[in-house]
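As structure tokens, the structure follows; a few thoughts come after it.
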Amino acid sequence: MSTKQSSLKSWPVWAAMGIIVVVMLVFGALRDSGPSTQAERVDAIAQRLACPTCDGESIYVSRAPAAEAIRNEIARQVAAGQSADNEIVAYIEQRFPGSLLLPRAEGVDSLVWILPVVVLVLGFGGLALAFRKWRDEAEAQATEADVALVAESLGTTESSEKNDRDDD
Amino acid sequence: MSDRKVTSRRISRNVAIAVAVVVGAFFVVLAVSKPRTDTDISTPLLGQPAPEVVSDLVGGGEFDLSRRKGSWVVLNFFNSTCVPCINEHPELVVFDKEQSTLPDGAELVTIVNDDTDDAVAAFFEKNGGGWPKVRDPDGTIAVSFGVARVPETWVIDPAGFVRVRYAGEVTSNELTARINGMKATP
Amino acid sequence: MNDGLAGPLGRAALLVGVIAAAFGAVASIVSARETAAGEEARTARLIPRFAALAFAAAFAAMVAMEYAMITRDFSLQYVQDHGSRSTPAFYNFAAVWSALEGSILLWILALGVSLAVVTWRYRRKLNDPMISWAMAVMFIVTLFFFLLSFGPANPFAEGAPGVTDGPGPNPLLQNHILVMFHPPILYLGYVGFTVPFAFAIAALVTGRVGEGWLIETRRWTLFAWGFLSIGIILGGWWSYEVLGWSGVWAWDPVENASLLPWLTGTAYIHSVLVQERRGMLRVWNLSLLLATFSLTILGTFLTRSGVVNSVHAFSQSGIGPFLLTFFGIVVAVSLGLIAWRGDALRSPGAIDSPVSREGAFLANNVLFSVFAFVVLLGTVFPLIVEALQDRQISVAEPFFDTMSTPLGIAMLALMCIAPVLPWRKASEELLRERLFWPAWCGIAALVVSLVVGASGLAPLLAFTLGGFAGGAALRQVVLATRRQGWRGLVGRANGGMIVHLGVILISVALSASNSYTKSQDLRLETGVPASFEGHTFELIGFKEETDARSSAVKALVSIDGGQAYAPAVTKFTNMGMNVGTPSVKTTFTHDIYLTLEPPVKMDSGTARIKVYIKPLILWMWIGAGLMAIGTILAAFPGKRRRRPTDPTSAPVPVDPAEEDSERV
């Protein structure tokens, strides 16, 4: 590797790349994609509510007549421009109890949010523990007696094992 | 080190037991599930002023629920192809006939749910029932009441408040008895 | 024609199947114990006969059902419910699997085929106890499904007399050719996983978890996974083309049921490489296989029993309890074997460093397992709440979208690094070196996205990481083809990179269409063009098409003054059901998706057309094609094909000339 090549992929260059990416991401994340149109508001609200005659399909997805009717009502209220999204959601939810598609974060319902996080933490935590155990095992030093035992059973003097080379 | 070896030696067994406990709990939960009982179902509109019902009628004419204040109104959400609606229709015919003989009889009004005018008109011509049938082409009225499935029957008192909500078929006797009961205890 | 023979013949075939599977299972177990005890393999001869008989029975049952459907034999209840004189032949053929009982027949047929192929493949090794145990498991699974079809889910049940016509299959299953492909391909995926499951059980029972059984079944597992992947994607395509809401995935319970085994199966095909290379994770891989199969049964239970509509629905038919019992047995046996044998069979050895290919595969497994847990939890949570507290809640798209987005981003991030990671240990210098150009691909993707106007952190991250991961995968393929020519495209690692490319395309397309779909309700008048998002839409007129089973009203809409697209509303006269059919114009950058909204009044000269502009949808199907191609390429033997008898953790001889090339 020439020095020019290695300097191209050196830490400062990587750090610069990282900064560029972060800056662009922040710019893009905060960028205003324009005011949402009425249709987008209707779609967004419809995605938060379940169709009352379906099996958990949202009003956005369902083609059932009841869903059509509720979509019309949402469109009517959005066009009237007097209610905020949450108010419209509450209006529908009041009349069709249980249609809120996002379980609330209270009581038993909160479990559905908490348990995945717990499992994720346990998963990676378990992995970390496993790696620590493996590293500890690997660091166990061979005693003289161990070396002698191995040499004896191999019938050779100590032979160095070829490590796996850096390969794919 | 030897302690850790012992516990890690049992990892498979312990994890298997833990998973078995969870799956077993799932089975138990399914087994002890209680069946649901459907009575006349509640609505947040109970005891509240009824939502607006302003629309035109099948066959011409206008309807406005608020102008019916002063008398009991029974709203029946209906669809000509729904089997329970067809089943309960004779009961409604009887109910309407009885109430029309009373001085303070309840007014029966059908609210058409997801159906065409022609189909509704043909149904009533064949099966009788001369009461007003309110059109609801966009489903706005159904949504404002929170009606997704038909048939549903709502009883509105003379002051315009929602008193009862029935989901499913109703009988003439049940309706009459219920309204009489409410009339007796204002 | 309607001599009503199909019913009794079909039922008889199912009974033969039950007997064949039962006897086959017994013969396999007896043979396994015989050969394990060192005796002569007397009973092993019987195994192929019972397998052939079971296959013949499954085939005959399916033929009987198709015959009844094609000849409109209304003496059968199933034909009364799903057949019709006016359904076209193509859809009528597929109507057999349009409902529960018939789809179980399709499953049984796939099982029969698997039985036959596995028996034929191992015809010379049937005296190996492990093979016998695997056959036993396959026979037992086949027995369960034959019993299900013979008993509670009887497709050949007699219907009411005197019925001369039926409503036909659900109208949604009558208007797109995908109905012919999606269920069979999906079922091949489900059933395909039965084989590695059988071998996993056999490995645990016999204690031979370190041998070549893995390599024996690896191609089978790969194909099962491939079929499952394509089956799921075809389902998304069907949702897009038929259902009319312009989406490809709605997180409904049936979809989730198919996703669950796919997630654990994907975890398996990655971590099994660690077993092949380092001899480690044996019990974990076995657990993954057991979990994958269990999830296919759980998924079948959840969707076939009606439990997820209401937890109380499943008691109404015998199918639910039957499937639940089978699921319970599968789980009990699996957990029991793991608890009994798992610890004794665990491989020794250690993984040196988390920054290595092994480490990446382990991280992959954690992510996929957590994802599977999330999908399972979300699907069954409403059940549990309803059973415990008697109230109904919904756990649906918003929950799954919120949970899957960070997980998906993490998986994409892993895909950026993992392909360049060497086995055992990587130095940071190596990473800096190898990840350089892929990282620039990621930056380029981010720049392009920002230039075309994308916004929002999650999709931008997805695009950046997608570019990065695509660069990493391409790098591997380019290096491999440089070294080995066309052989650089085959083999697990190279084929896997092409599959990765497909997955990346799908992820990017999904992210774009989920985040940037724009829609509008247009009230079009004939001859008056309206414009939306840079396209003009003009209603040219209406067309009415009536045939024996339906009458359709089509609105002809010309897009940008060009060809007319015809979204329609079709009324199926037999069922009284209105079905909307969308019409889609596809380009490389976006799809223009039109639906005709009811009420449709032809004589008014106006139509309510809903327009969706959906970015990058075409790339989803291209990505799916890449996944299929990559799977086939991965099934080819790579340059170094291990013999099944090679010990799994033998060091691979190092050829200095191939330092940087793919080796598996």
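The values are calculated or read from the model by the stated rules, or taken from the named source; none is laboratory data. Keep in mind the model is a prediction, meaning the values are calculated, not measured. Note: ideal-geometry Cβ built from the backbone for every residue, glycine included; neighbour counts use all protein chains shown. For accessibility, only protein heavy atoms count, side chains too; no ligands or nucleic acids. Shrake-Rupley method; radii C 1.70, N 1.55, O 1.52, S 1.80 Å.
Observations, loosely collected:
- Taking both sides together, the accessible area buried where C meets B is about 1800 Å² for a 1.4 Å probe.
- Among the protein heavy atoms of chain C, carbon and sulfur supply 65% of the accessible surface, probe 1.4 Å, non-protein parts ignored.
- Relative contact order %, chain B, counting alpha carbon pairs below 8 Å whose residues are six or more apart: 28
- For segment A:19-60, alpha-carbon Rg and Dmax in angstrom: 16.5, 50
- 1.4 Å probe accessible area per residue over chain C, in Å²: 37
- Counted residue by residue at 0.36 nm each, then reduced by the alpha carbon distance between them, the extension gain from C:GLN563 to C:ALA37 reaches 181.9 nm.
- Rounded to the nearest 500, the 222 nm mean residue ellipticity of chain C from helices alone is -20000 deg cm²/dmol, with -39,500 (n - 2.57) taken per DSSP H run of at least 4 residues.
- Residues of segment A:49-72 buried by at least 20 Å² on assembly (accessible area, 1.4 Å probe, chain alone as reference): A:PRO52, A:THR53, A:ASP55, A:GLY56, A:GLU57, A:TYR60, A:VAL61, A:ARG63, A:PRO65, A:GLU68, A:ALA69, A:ASN72
- Here segment C:6-389 is assigned +1 on the Cβ of each Lys and Arg and -1 on the Cβ of each Asp and Glu. Its dipole about the Cα centre then comes out at about 1020 debye.
- For chain B, calculated [θ]222 nm from helices alone, where every DSSP H run of n ≥ 4 adds -39500 (n - 2.57): -13500 deg cm²/dmol
- Between the residues B:PHE27, B:GLY60, B:ALA159, the greatest Cα displacement towards the positive end of the dipole of chain B, with unit charges on the Cβ of Lys, Arg, Asp and Glu, is found for B:PHE27.
- Mean per-residue shielding of peptide A:20-33 is 5, counting Cβ atoms of other chains within 10 Å of each Cβ.
- Accessible area per residue for chain B is 52 Å², calculated with a 1.4 Å probe on protein heavy atoms, without ligands, DNA or RNA.
- Protection proxy ranking, peptides B:160-172, C:377-389, A:16-28, average beta carbon neighbours within 10 Å, highest first: C:377-389, B:160-172, A:16-28
- The mean number of partner chain beta-carbon atoms within 10 angstrom of a residue's beta-carbon across peptide B:135-144 is 5.
- Cysteines, the protein assembly as shown, no other Cys beta-carbon under 4.7 Å: C:CYS416, C:CYS441
- Its relative contact order, with pairs defined as Cα atoms under 8 Å and 6+ residues apart, puts chain C at 11 percent.
- The dipole here belongs to chain C: it is taken about the Cα centre, uses +1 on the Cβ of Lys and Arg and -1 on the Cβ of Asp and Glu, and is about 1880 debye.
- The distance separating the Cα centre of segment B:55-73 from that of segment C:450-512 comes to 64 Å.
- Taking amide H as placed 1.01 Å from N in the peptide plane, C:TYR565 has its amide H under 5 Å from the amide H of C:VAL557, C:SER558, C:ILE559, each at least 5 places away in sequence or on another chain.
- Residue by residue along C:441-451, Cβ atoms of other protein chains within 10 Å of the local Cβ number 2 on average.
- Pairs of Cα atoms nearer than 8 Å and 6+ residues apart set the relative contact order; for segment A:9-168 it is 14 percent.
- Percentage of interatomic Cα-Cα distances in the protein assembly as shown larger than 42 Å: 46
- Result for chain A in a Gaussian network model with C-alpha springs under 10 Å: among A:ALA39, A:ALA148, A:ALA128, the largest mean-square fluctuation is at A:ALA148.
- GNM on chain A, alpha-carbon springs under 10 angstrom: the most fluctuating residue among A:ASP85, A:ASP146, A:ASP43 is A:ASP146.
- Lys, Arg +1 and Asp, Glu -1 on Cβ, resulting dipole of the protein assembly as shown about Cα centre, debye, nearest 20: 3220
- Apportionment of accessible area to carbon and sulfur, chain B, percent (1.4 Å): 55
- Computed from phi, the 3J(HN,Hα) profile of segment C:593-601 under the Karplus parametrisation 6.51, -1.76, 1.60 (θ = phi - 60°) reads 10, 10, 10, 9, 8, x, x, 9, 10 Hz, with x in place of Gly and Pro.
- Greater than 30 Å apart at Cα, pairs in B:LYS69/C:LYS571; B:LYS126/C:LYS601; B:LYS69/C:LYS601: B:LYS69/C:LYS571; B:LYS69/C:LYS601
- Helical content of chain A, expressed as a calculated mean residue ellipticity at 222 nm, amounts to -20000 deg cm²/dmol (DSSP H runs of 4 or more residues, -39,500 (n - 2.57) each, divided by residue number, nearest 500).
- Neighbours of C:VAL163 by Cβ distance under 14 Å: Lys/Arg scored +1, Asp/Glu scored -1, total -2.
- Part-to-part distance (alpha-carbon centres) for segment C:48-63 and segment C:312-390, which is given in Å: 32
- Long-range HN-HN contacts of B:VAL164 with modeled amide H, under 5 Å: B:VAL155
- Accessible surface buried at the C:A interface totals approximately 6100 Å², computed with a 1.4 Å probe on protein heavy atoms.
- Area of B:ILE11 that stays accessible when all protein chains are in place (1.4 Å probe, Å², to 10): 90
- If you take all other residues with their beta carbon under 14 Å from the beta carbon of C:LEU618, and give Lys and Arg +1 and Asp and Glu -1, the sum is 0.
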